[in-house]
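The values are calculated or read from the model by the stated rules, or taken from the named source; none is laboratory data. Because the structure is predicted, anything quoted here is derived from the model rather than measured. Every residue, glycine as well, gets a Cβ built from its backbone with ideal geometry; the counts of neighbours run over all protein chains shown.
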Amino acid sequence: MKDISKQYLRRINKYNSLIKKQNQTINFYSALRLIVFLAGALSSIYFYYINKYIFCSIALFIFLVIFVIFISKHRDIKKNRDFILVLIEINSISLKRFQGEWRKFEDSGQDFKDDSHRYSGDLDVFGEGSLFQWINTSATFAGRIKLKELLTEMPSCIDEIILRQQAVKELSGKIKWRQHLNAEGIIGLKSNKSLDNEALYSWINKGTDFTLSKGMTFISKILPFITIILILISFSTSFVSRNIPYILLILQMGILFLYNKRINSILKTAYYNKKNIISYDKMLRYIEGQNFKSTHLSKIKGKLKGADGETASRKINKLVKIVNLISDRNNMVYIIFNILFLWDIRCVISLEKWKKESGALLKDWVDTIGEFEALSSLSLIHFDNPSWTFPEVENEFPVLSGKAVGHPLIKEKAVFNDIEINNKSSVLLITGSNMSGKSTYLRTAGINLILAYSGAPVNAKAFSCSVMKVFTCMRISDNLEKNISSFYAEILRIKEIVIASKSDKNIFFLLDEIFKGTNSIDRHLGAKTLINKLISEKASGIVSTHDLELGELQGETNYKVSNFHFKEYYENGELHFDYKLRRGISNTRNAMYLIKMAGID
């Protein structure tokens with residue numbers, strides 16, 4: 001396991017060395033730029049002073065070209081340095097994740113929390129200290145959405161899980177590719193990863209009221225050409241009056257004024273989305289440039305084409321070029337340029353043409369980026385935990401079999417236990433005293449199932465499962481807004497599970513301390529009735545309870561119940577737990593001890 005930590009440290013040290021070299025190169029080019037500027041200025045002044053105007057012009061031109069080349073080179077090196085700085089950040093975050101410091105990560109997926117979801121709230125899929133917070137590396141909102149879907153939506157079939165596993169394994173070995181894709185997204189999108197692109201999609205797919213007749217379109221293209229020719233002729237000869245190009249320029253200003261309001265709305269939106277579009281362009285090119293062996297990754301990459309077969313990156317690059325032409329529209333140079341060439345109108349015409357040809361595909365392309373990001377997040381689990389196992393997915397139902405299974409979010413302190421659910425024993429009844437590990441055991445089973453269905457490895461020596469629809473009833477609280485008590489909220493959740501079990505036989509449930517909001521007699525009868533109902537509907541799962549009498553179900557004919565328990569022990573007058581699962585019903589209690597510990601005698 002230490003080798004993983006060393007890999008991240010090696011990459012950080014390597015990139016830090018590159019940063020030092022690039023800083024030296026940046027300083028070198030800065031000095032060269034200054035030298036070239038001074039040399040050009042001094043030589044031009046000298047030739048001008050001695051009346052060598054041709055030499056002055058030549059020197060000015062040569063040094064200006066060299067100066068521009070150095071500026072471009074300087075800018076490219078700074079961009080590369082910024083890219084490497086992001087790679088250092090990515091590896092530093094990966095090292096923190098590996099060392100268990102991921103609970104400090106900013107993106108916890110809090111915006112995806114949904115108390116009405118059938119398991120995500122109980123199994124810590126989103127929010128502080130969640131599965132999402134641990135593994136998410138997506139730079140785009142689309143990547144976050146796709147990861148959310150992988151963690152909350154049931155796969156359609158076994159083959160889908162197997163294909164995901166193959167993709168995760170392949171991406172796990174492509175650490176450089178994964179990190180570079182991530183870096184491209186981080187640089188381009190920065191703080192926008194938590195924002196969706198609905199405004200962008202709406203704009204790109206929505207037709208505008210900016211429509212030009214064929215005649216006006218022709219005029220907007222030919223008029224600037226005529227105006228420029230007449231300006232050149234009028235200033236170099238006397239054949240054309242200078243008033244004519246002035247009149248044409250006034251006409252062009254009138255055309256711009258006529259369409260100004262609609263043009264402003266269109267181009268401002270385009271400019272606002274410029275960084276996102278450029279970032280998507282780079283990420284698409286990076287995906288298209290990589291060859292993948294797994295069927296799933298190749299299939300996803302295959303979506304990156306237009307109807308004419310042209311790649312998505314080329315299509316997006318055309319949009320990038322259009323958006324790049326819309327620079328700062330408020331500066332004086334652009335205003336003059338715009339009047340002379342009717343530039344705003346030409347840009348809008350090009351933009352609307354692109355939207356008609358490719359606009360409908362933009363969301364699909366961005367979603368494809370998101371799919372790669374989501375699978376890359378899952379592949380981190382395999383990279384950081386090479387000893388974890390990829391589950392075997394079974395056709396037979398119900399199956400949940402695990403050897404030495406631990407909770408992935410507490411892997412440093414995890415205690416490993418076995419899980420065995422099958423046709424003979426479809427319900428595990430877990431008893432034990434307070435704080436002995438019952439709830440954690442249920443969550444361990446549930447969260448590893450979620451990882452299994454997403455295509456990721458699980459924290460176990462061996463793990464096999466059938467495809468089941470997971471339901472939980474664990475953290476139930478009052479809903480003051482709806483005037484619902486915790487007990488009634490629990491009833492509603494259980495009702496949802498029972499209804500699902502009638503229509504879908506592949507139901508897996510996790511019930512923690514059911515009916516705890518009522519008296520002991522009703523709790524016992526209610527729990528017994530519920531377990532009987534779920535078993536009769538072929539559902540399977542794990543139930544934790546303090547009701548030791550429920551253990552009698554194991555001996556009854558109609559029940560496929562197996563009893564297990566956790567226990568505590570006392571050492572030097574102190575309470576301890578080993579969190580190891582044992583067969584049978586619990587025969588220990590610690591409530592009175594805990595009450596005394598709280599100072600209540």
Could you list, in sequence order, all residues of segment 118-157 that are of a type in the set (A, V, I, L, M) and either touching a Leu at 6+ places or on another chain (Cβ under 9 Å) or under 22 Å from residue 104 (Cβ atoms) (or both)? 123, 125, 131, 135, 139, 147, 150, 151
Could you list, in sequence order, all residues of segment 377-400 that are in a strand (DSSP E or B) and over 22 Å from residue 166 (Cβ atoms)? 400
Is one or more of the residues making up segment 430-441 modelled with pLDDT under 95, over 20 Å from residue 505 (Cβ atoms), of a type in the set (D, E, K, R) and out of contact with any helix residue (DSSP H, G or I) (no Cβ under 6 Å at 6 or more places or on another chain)? yes
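For segment 126-185, list the helices (runs of 4 or more DSSP H) that sit wholly inside it and hold at least 1 residues that are in contact with a His (Cβ under 8 Å, 6 or more places away or on another chain); which are they?
Result: 141-152, 158-172.
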For residues in segment 1-28 being surrounded by 13 or more Cβ atoms within 10 Å (Cβ to Cβ) and of a type in the set (A, V, I, L, M), which is farthest from residue 93 (Cα to Cα)? 26
On the basis of being surrounded by 15 or more Cβ atoms within 10 Å (Cβ to Cβ), touching a residue at least 40 places away in the same chain (Cβ under 8 Å) and in the same structural domain as residue 37 (by TED's automatic domain parsing), does residue 60 make the cut? no
Can you tell me which residue within segment 222-264, out of those that are surrounded by fewer than 14 Cβ atoms within 10 Å (Cβ to Cβ) and under 44 Å from the mean Cα position of the chain (by Cα), is modelled with the highest pLDDT? 257
Please go through segment 113-140 and give me each residue that is surrounded by fewer than 20 Cβ atoms within 10 Å (Cβ to Cβ) and either in the same structural domain as residue 476 (by TED's automatic domain parsing) or not basic (Lys, Arg) (or both), ordered by number. 114, 115, 116, 117, 121, 127, 128, 129
Under 7 Å by Cβ, and 6 or more places apart or on different chains, what pairs join a residue from segment 298-310 that is within 14 Å of residue 370 (Cα to Cα) with one that is among the aliphatic types (A, V, I, L, M)? 301/287; 304/284; 304/287; 304/312
Report yes if some residue within segment 307-323 is out of contact with any Cys (no Cβ under 6 Å at 6 or more places or on another chain), within 19 Å of residue 261 (Cα to Cα) and not polar (S, T, N, Q); otherwise report no. yes
Name the one entry in 20, 96 that is part of a helix (DSSP H, G or I), among the basic types (Lys, Arg) and farther than 30 Å from residue 386 by Cα. 20
Considering only residues that are more than 13 Å from residue 473 (Cβ to Cβ), part of a loop (DSSP other than H, G, I, E, B) and among the aromatic types (Phe, Trp, Tyr), which ones fall in segment 102-125? 105
Contact list, first residue from segment 490-513 and in contact (Cβ under 8 Å) with a residue 12 or more places away in the chain, second anywhere and part of a helix (DSSP H, G or I) and surrounded by fewer than 17 Cβ atoms within 10 Å (Cβ to Cβ), beta-carbon distance below 8 Å, six or more apart or interchain, is 498/533; 501/533
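Quick check on this structure: which one of 542, 585, 521 is within 39 Å of the chain's Cα centre (by Cα), in the same structural domain as residue 469 (by TED's automatic domain parsing) and either within 18 Å of residue 431 (Cα to Cα) or at pLDDT 85 or above (or both)?
542
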Among (1) more than 21 Å from residue 402 (Cα to Cα); (2) touching a residue at least 40 places away in the same chain (Cβ under 8 Å); (3) assigned to a loop (DSSP other than H, G, I, E, B), the one test that residue 553 misses: (3)
Can you tell which of 439, 501, 544 is farther than 20 Å from residue 405 by Cα, in contact with a strand residue (DSSP E or B) (Cβ under 7 Å, 6 or more places away or on another chain) and of a type outside the set (A, V, I, L, M)? 501
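Being in contact with a Lys or Arg (Cβ under 8 Å, 6 or more places away or on another chain) and part of a helix (DSSP H, G or I) narrows it down to one of 42, 34, 87, so name that one.
Exactly one of 42, 34, 87 is in contact with a Lys or Arg (Cβ under 8 Å, 6 or more places away or on another chain) and part of a helix (DSSP H, G or I), namely 87.
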If you go through segment 501-543 one residue at a time, how many are among the basic types (Lys, Arg) and in contact with an Asp or Glu (Cβ under 7 Å, 6 or more places away or on another chain)? 2
Give the residues of segment 166-185 that are surrounded by fewer than 21 Cβ atoms within 10 Å (Cβ to Cβ) and of a type in the set (Lys, Arg), sorted by residue number. 169, 174, 176
